[in-house]
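*Asks:* Shown below is the structure under consideration.
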Amino acid sequence: ECRLRNLSYVAPIYIRMSLSVDGKPIVSNERVYVGDIPVLVKSQLCPLRRMTPEELMSIGEDPMDPGGHFIINGSERVIVAIEDLAPNRVLITMKEGDKTPQFSAVILSSSYGRQSKVEITYKSGSPIRVFFSRIYKGIPLIIMLRALGMTKDSDIVNFVSNRPDVQELLAPSFLEAEGVETPQDALKYIGNRVAFGYAEEYRVQRAEQMIDNIFLLHIGTTSDSRYKKAIFLCDMVGKLLEASLGIRKPSDKDHYGNKRLKLEAPLLMELYRMAFMKLIRDIKYQLERIIATRQPISISTFVRPGIVNDLVMHAFSTGNWPGGRVGVTQLLNRTNYLATIGHLRRV
């Protein structure tokens, strides 16, 4: 029916919402419609899944059709699997420089759909630098470790490696961080880099925020996980220095162990994360306007399902995903049976 009438094959999403003002509950557990989610043909939600071939033929469906596509405004669309570098894995790469090669260890730290990249660079004889977020010059490794609470030099050296030849390579890094001994000093130093020109209190606060929320966020986003992050950072540096000495080979970026295939679930998660953030911003704005007038409230009047629907349907019908990806959904190729199956399995 959706194919014939140019409708979208979707299911509604309901959320239970409660509202309290100054700790007093005003509305509790109201069931609110927030938008739709496209249903994959022949998935658990789809009634075709439970039909026999005879029943399928009687309603005009092809029993041999594998499903696995969505119907958006009457056209059949496929989400094509996307190949991506594996998150939360340390990859060591080597760039051939003019005289000395530059080694770097990169990790795409991701957790609950948020992602941030951390990179450590090293050139023979020079100090090690840590790059993350929008820090362009990099932060000296030892200062970063001090900020994470690892203040003993012996600890740092032993966590990086137990090989004397690797430990020696840390000397220039220690020299660079001279005079910064306590976590407070280190946080001030980082704060000067990330929030230059603000009050000192704010700079330290900003540095702490970045270390907790952006730096290696898959290990944790509270201040308790800082020491764990320091140990992890030392481990990365150990791998980096071993690679520079030729003890360890650089990672192969094309190896399938270092890749992941993103199918419908992670891609839809990205999309709905954006949509719900937009929705929450809108609800916030609506409620701030009404709360001043103190009128009796029912939540559903302030939730505009159009916000989620427009974003999702637009992404599905054009194939343009948030984050600048294009061609994520494509028109299902129905030239013949084999073309369809080939299209559903494409990467």
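The values are calculated or read from the model by the stated rules, or taken from the named source; none is laboratory data. Keep in mind that this is a model prediction, so the values were computed, not measured. For neighbour counting, all protein chains shown are included, and Cβ atoms are generated from backbone atoms with ideal geometry for every residue, glycine included. For accessibility, only protein heavy atoms count, side chains too; no ligands or nucleic acids. Shrake-Rupley method; radii C 1.70, N 1.55, O 1.52, S 1.80 Å.
*Asks:* Return a yes/no flag: does the stretch 171-193 have any residue that is crowded, with 17+ Cβ neighbours inside 10 Å and under 22 Å from L91 (Cα atoms).
*Replies:* Yes, the stretch 171-193 contains a residue that is crowded, with 17+ Cβ neighbours inside 10 Å and under 22 Å from L91 (Cα atoms).
*Asks:* Right, next: Please determine, by comparing only the residues of the stretch 114-137 that are outside any strand (DSSP E or B) and not charged (D, E, K, R), which one is surrounded by the most Cβ atoms within 10 Å (Cβ to Cβ).
*Replies:* So in the stretch 114-137, the residues outside any strand (DSSP E or B) come out as 124-128, 133-137.
In the following step, the residues that additionally are not charged (D, E, K, R) were identified as 124-128, 133, 135-136.
Numbers: S124: 14, G125: 9, S126: 13, P127: 19, I128: 26, S133: 14, I135: 16, Y136: 7.
Ranking the qualifying residues of the stretch 114-137, first place goes to I128.
*Asks:* In contact with a helix residue (DSSP H, G or I) (Cβ under 6 Å, 6 or more places away or on another chain), among the aliphatic types (A, V, I, L, M) and either assigned to a strand (DSSP E or B) or buried (at least 19 other Cβ atoms within 10 Å of the Cβ) (or both), is that true of V166?
*Replies:* Numbers: in contact with a helix residue (DSSP H, G or I) (Cβ under 6 Å, 6 or more places away or on another chain): yes; among the aliphatic types (A, V, I, L, M): yes; either assigned to a strand (DSSP E or B) or buried (at least 19 other Cβ atoms within 10 Å of the Cβ) (or both): yes.
Yes; evaluated as a whole, the condition is true for this residue.
*Asks:* Does the stretch 323-347 hold any residues that are assigned to a loop (DSSP other than H, G, I, E, B) and over 16 Å from L261 (Cα atoms), and which are they? Give the steps one after another, and end with the answer.
*Replies:* Start the filter on the stretch 323-347 by keeping residues that are assigned to a loop (DSSP other than H, G, I, E, B), which leaves 323-324, 326-328, 332-336, 345-347.
Those that are assigned to a loop (DSSP other than H, G, I, E, B) and over 16 Å from L261 (Cα atoms): G323, G324, V326, L332, N333, R334, T335, N336.
*Asks:* If you don't mind, there's one more thing I want to ask. Within the stretch 124-149, track down each residue that is basic (K, R) and in contact with a Pro (Cβ under 8 Å, 6 or more places away or on another chain). Give the derivation first.
*Replies:* Applying the first criterion (basic (K, R)) to the stretch 124-149 yields 129, 134, 137, 146.
Answer for the stretch 124-149, where residues must be basic (K, R) and in contact with a Pro (Cβ under 8 Å, 6 or more places away or on another chain): R129, R146.
*Asks:* On the given criteria, is R114 modelled with pLDDT of 90 or more and more than 17 Å from L241 (Cα to Cα)? I'd like the intermediate steps shown before the answer.
*Replies:* Details: modelled with pLDDT of 90 or more: no; more than 17 Å from L241 (Cα to Cα): yes.
No: the conditions fail for R114.
*Asks:* A follow-up question, please. Would you pick out the residues in the stretch 13-39 that are over 18 Å from A315 (Cβ atoms) and either touching a Leu at 6+ places or on another chain (Cβ under 7 Å) or modelled with pLDDT of 85 or more (or both)? Reasoning before the result, please.
*Replies:* Of the residues in the stretch 13-39, the ones over 18 Å from A315 (Cβ atoms) are 14-33.
Result: Y14, I15, R16, M17, S18, I26, V27, N29, E30, R31, V32, Y33.
*Asks:* Which pairs turn up if I take residues in the stretch 154-168 that are over 15 Å from P127 (Cα atoms) and look for partners that are at pLDDT 90 or above and open to solvent by 50 Å² or more (accessible area, probe 1.4 Å) with beta carbon separation below 6 Å, at least 6 apart in sequence or on another chain?
*Replies:* What qualifies is F159/I231.
*Asks:* Modelled with pLDDT of 90 or more and aromatic (F, W, Y), is that true of Y256?
*Replies:* Here the answer is yes, as Y256 does meet what is asked.
*Asks:* Do you know which residues across the stretch 291-325 are more than 26 Å from G74 (Cβ to Cβ), without any contact (Cβ under 8 Å) to a residue 60 or more places away in the chain and either surrounded by 14 or more Cβ atoms within 10 Å (Cβ to Cβ) or not hydrophobic (A, V, I, L, M, F, W, C) (or both)?
*Replies:* Our first condition is that a residue be more than 26 Å from G74 (Cβ to Cβ); within the stretch 291-325, this holds for 291-303, 323-324.
Those still in the list that are without any contact (Cβ under 8 Å) to a residue 60 or more places away in the chain too: 292-296, 301-302, 323-324.
T293, R294, Q295, P296, T301, F302, G323, G324 - these are the residues of the stretch 291-325 that are more than 26 Å from G74 (Cβ to Cβ), without any contact (Cβ under 8 Å) to a residue 60 or more places away in the chain and either surrounded by 14 or more Cβ atoms within 10 Å (Cβ to Cβ) or not hydrophobic (A, V, I, L, M, F, W, C) (or both).
*Asks:* Something else now. Among the listed residues L331, L261, identify the single one that is within 30 Å of V237 (Cα to Cα) and open to solvent by 60 Å² or more (accessible area, probe 1.4 Å).
*Replies:* Details: L331 fails: within 30 Å of V237 (Cα to Cα).
When all the criteria are applied, what remains is L261.
*Asks:* Further question on the same structure: Residues that are free of Cβ contacts under 8 Å to residues at least 60 places away in the same chain: find the strands (runs of 3 or more DSSP E) completely inside the stretch 1-82 holding 3 or more of those. Can you show your working first?
*Replies:* Numbers: elements: 10-21, 24-38, 70-72, 75-79.
Passing ranges, in order: 10-21, 24-38.
*Asks:* Determine, yes or no, whether S251 is closer than 30 Å to V106 by Cα, in contact (Cβ under 8 Å) with a residue 24 or more places away in the chain and of a type outside the set (K, R). Full working, then the answer.
*Replies:* Numbers: closer than 30 Å to V106 by Cα: yes; in contact (Cβ under 8 Å) with a residue 24 or more places away in the chain: yes; of a type outside the set (K, R): yes.
So S251 passes the test.
*Asks:* Considering only the stretch 210-226, state which residues are exposed (fewer than 15 other Cβ atoms within 10 Å of the Cβ) and touching a helix residue (DSSP H, G or I) at 6+ places or on another chain (Cβ under 9 Å). Break it down stepwise before answering.
*Replies:* From the stretch 210-226, those exposed (fewer than 15 other Cβ atoms within 10 Å of the Cβ) are 213, 220, 222-224; that's our starting set.
Passing the criteria: G220, T222, S223.
*Asks:* Still on this structure, I have one more. Only one residue in K229, K239, K249 is open to solvent by less than 40 Å² (accessible area, probe 1.4 Å), charged (D, E, K, R) and under 30 Å from R146 (Cα atoms). Which one? So that I can check it myself, show each step before the final result.
*Replies:* On the way: K239 fails: open to solvent by less than 40 Å² (accessible area, probe 1.4 Å); K249 fails: open to solvent by less than 40 Å² (accessible area, probe 1.4 Å).
Sole residue among the options that is open to solvent by less than 40 Å² (accessible area, probe 1.4 Å), charged (D, E, K, R) and under 30 Å from R146 (Cα atoms): K229.
*Asks:* Could you run through the stretch 162-202 and say how many residues are of a type in the set (G, A, S) and more than 30 Å from the chain's Cα centre (by Cα)? Lay out the reasoning, then the answer.
*Replies:* Just the residues of the stretch 162-202 that are of a type in the set (G, A, S), to begin with: 171, 173, 177, 179, 186, 191, 195, 197, 199.
In the following step, the residues that additionally are more than 30 Å from the chain's Cα centre (by Cα) were identified as 171, 173, 177, 179, 197, 199.
Residues meeting the conditions: 6.
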